[in-house]
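Take a look at the structure below.
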Amino acid sequence: MGKKGKKEKKVKGAEKTAAKMEKKVSKRSKREEEDLEALIAEFQSLDAKKTQVVETTCPPPSARLNASLSAHPEKDELILFGGEFFNGKKTYLYNELFFYNIKKNSWTKSEIPNPPPPRCAHQAVVVPHGGGQLWVFGGEFASPDGEQFYHYKDLWVLHLATRTWENIKAAGGPSGRSGHRMVLSKRQLLLFGGFHESARDFIYYNDIYSFSLDSFCWSRLSPSGSGPSPRSACQMTSTPDGSSVIIYGGYSKAKAKKDVEKGTIHADMFLLKREGKEDQEKWSWSRVNPSGSKPPPRSGFSLAVGPGGRAVLFGGVCDEEEEETLEGDFFNDLYLYDMTKNRWFPAQFRGTKTEKKRRRREKRGGTEGEEEEEEEATASQGPIEVIKEIVTEDGTVMTIKEVIAGVQAKDEEEEEEEEEDEDSVSAPLVEPCPRSSAMATVRQGKLYLYGGMFEVGDRQFTLNDFYCLDLHKMDQWEVLVEMDPKTQEWLEESESEDDEEEEDEAKGGDEGEDDESEEESEDNDEEDDDEHLPVQDGETLADYQARTEKYWMGLARANMGPDAKDKKVAKVGLAMAKVFYEDQ
């Protein structure tokens, strides 16, 4: 009894410490979040002017990371929402919505009235109900200078059949956060972890919430057993039968000595199991020890669920932290986790098989399924390191080191047969370069990979290339959109603040398209002049705020809703007035 009592006290003590830390972070970040709320409200006021759905055929989305890429539950379509872009000087956040038609290999931009405000590092889950729905929770908004952060705690649903956004007001949900994970499990959305960060503090979470798609209610789960430590950016996958959820890996950081922040890459795995009837559900945590070849430790990996109950993990980065430096080793390898067998194994590309190769396999009496089992069981050769150089438009040379998983070892008989026909198997000709924070999803057994980023020294390269891999054939990557080095821009500290692109305050838009940039700039100028009360000659900020207080409070109230407190509405209204005044 004594030992049990001590454990319970430790658990309660840890919960109290976490609660105090969360309160401290919330208090310190409140002021900077109120400043950002004004900027978010300004974006929402512009979106509120849209009254009808406008869909236009467009080029592929601009370079970005930490967006969401989802497969339509009924159609051969992919849905891309949000994301961020950093050019070395300024951070752009998006709330753009794109649809990719798989059969036509074409993109459509969909502008729908009253969308969620711009964000990145959110979570999106598709469900088949009502002709298909896309559920979005949380995420992050950053100031243009990247110094302030706002973490959302809102829940939205995009009704795919009617092309309408709906903001779901449900009490008792998770606190504001980004980097969390959310999956569909039966008729519930399960949400785990994430983090909240301000300019001075941060906190990581390991709480888990359930949102019922029937009652539209949040509930915080209290599973028995020992679960994962607080973290963000982990793998969260529903088991094929929907009864359980698997959590793998993730990232967290903590303050070490002398307030130095130390990051931790997690490589453990847990099972969250549901037991009992729907009205009397009980949840429990248990540690999982998978077999096979596990991925080397990394963060920022991309994950999607493939056919046969296999989770597909791609890329990521392993940061090597020293006292004053941070070097990242980026990956472009592919690992599969078989949930049925509780086993990891590296994906092996088979190459394109000719008819002669297929006849040879049939002659040996083996089936494709048996061959697959043999491939998993056979030890692979060591990895192969490949060096690539890409020259950008400004002359910068990008040296990309790629580590490619080795080809499966073959017995002597196979080697002799292949010597007879050297063209029977061809190795993959192209593949995505190493990266982290790419967007991934699976549709009809094919893995789709979009964007992401990698770093060379102090320079960050944000990508907009697009790839496809047939997980049934595992022969080679198909390039749908190739990376264009000319689209890479990076503004150093010494470059002019007056650059034309720096002045473009549009929340979305495709950088590099002159026509769109000019149209957006003209639209913004017209909206500033016509829609808002102008600043009079010689008028001070205090005088302008006093004169236009009612106007800005009304605009803030319209964007924040009738439930917002008057005091907070007044603060946001004054902040909006300040933002507009300083832009004039």
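The values are calculated or read from the model by the stated rules, or taken from the named source; none is laboratory data. A quick note: this is a predicted structure, and the numbers were derived from the prediction, not measured. All Cβ positions, glycine included, derive from the backbone under ideal geometry; neighbour counts span all protein chains shown. Side chains included, ligands, DNA and RNA excluded: accessible areas come from the protein's heavy atoms. Shrake-Rupley method; radii C 1.70, N 1.55, O 1.52, S 1.80 Å.
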Quick check on my filter: what residues within the range 263-284 are open to solvent by 20 Å² or more (accessible area, probe 1.4 Å), within 25 Å of the chain's Cα centre (by Cα) and of a type in the set (A, V, I, L, M, F, W, C)?
I265, A267, L271
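Of all residues in the range 215-250 being among the aromatic types (F, W, Y) and farther than 15 Å from F270 by Cα, which is farthest from the chain's Cα centre (by Cα)? If you could, list the steps in order and put the result at the bottom.
Residues of the range 215-250 among the aromatic types (F, W, Y): 216, 218, 248.
With the extra rule that they be farther than 15 Å from F270 by Cα, the set shrinks to 216, 218.
Working: F216: 24, W218: 23 Å.
Only one residue tops the list, namely F216.
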Answer yes if at least one residue in the range 197-217 is surrounded by 20 or more Cβ atoms within 10 Å (Cβ to Cβ), in contact with a helix residue (DSSP H, G or I) (Cβ under 7 Å, 6 or more places away or on another chain) and not basic (K, R), and no otherwise.
yes
Within the range 143-161, is there a residue that is free of Cβ contacts under 8 Å to residues at least 60 places away in the same chain, assigned to a loop (DSSP other than H, G, I, E, B) and closer than 30 Å to K277 by Cα?
no
Of all residues in the range 144-163, which are of a type outside the set (S, T, Y), closer than 30 Å to L491 by Cβ and crowded, with 17+ Cβ neighbours inside 10 Å?
Q148, F149, H151
Out of curiosity, is V569 in contact (Cβ under 8 Å) with a residue 24 or more places away in the chain and surrounded by 12 or more Cβ atoms within 10 Å (Cβ to Cβ)?
no
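Being open to solvent by less than 30 Å² (accessible area, probe 1.4 Å), assigned to a loop (DSSP other than H, G, I, E, B), out of contact with any helix residue (DSSP H, G or I) (no Cβ under 9 Å at 6 or more places or on another chain) and at pLDDT 70 or above narrows it down to one of C468, C433, so name that one. Please lay out each step first, then the result.
Numbers: C468 fails: assigned to a loop (DSSP other than H, G, I, E, B).
Among C468, C433, only C433 is open to solvent by less than 30 Å² (accessible area, probe 1.4 Å), assigned to a loop (DSSP other than H, G, I, E, B), out of contact with any helix residue (DSSP H, G or I) (no Cβ under 9 Å at 6 or more places or on another chain) and at pLDDT 70 or above.
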Under the condition of being of a type in the set (D, E) and either outside any loop (DSSP other than H, G, I, E, B) or free of Cβ contacts under 8 Å to residues at least 60 places away in the same chain (or both), which residue from the range 75-118 is nearest to G179 (Cα to Cα)?
E84
For E166, indicate whether it is surrounded by fewer than 19 Cβ atoms within 10 Å (Cβ to Cβ) and either under 18 Å from the mean Cα position of the chain (by Cα) or over 20 Å from Q148 (Cα atoms) (or both).
yes
When you look at V442, is it at pLDDT below 90, in a strand (DSSP E or B) and open to solvent by 20 Å² or more (accessible area, probe 1.4 Å), yes or no?
no
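Please work out if P174 is in a loop (DSSP other than H, G, I, E, B) and open to solvent by less than 10 Å² (accessible area, probe 1.4 Å).
Yes: the conditions hold for P174.
Hey, which of the helices (runs of 4 or more DSSP H) in the range 473-584, taking only ones fully inside, have at least 1 residues that are over 31 Å from the mean Cα position of the chain (by Cα) and at pLDDT 75 or above?
Working: elements: 514-531, 541-547, 549-560, 566-583.
It comes to 541-547, 549-560, 566-583.
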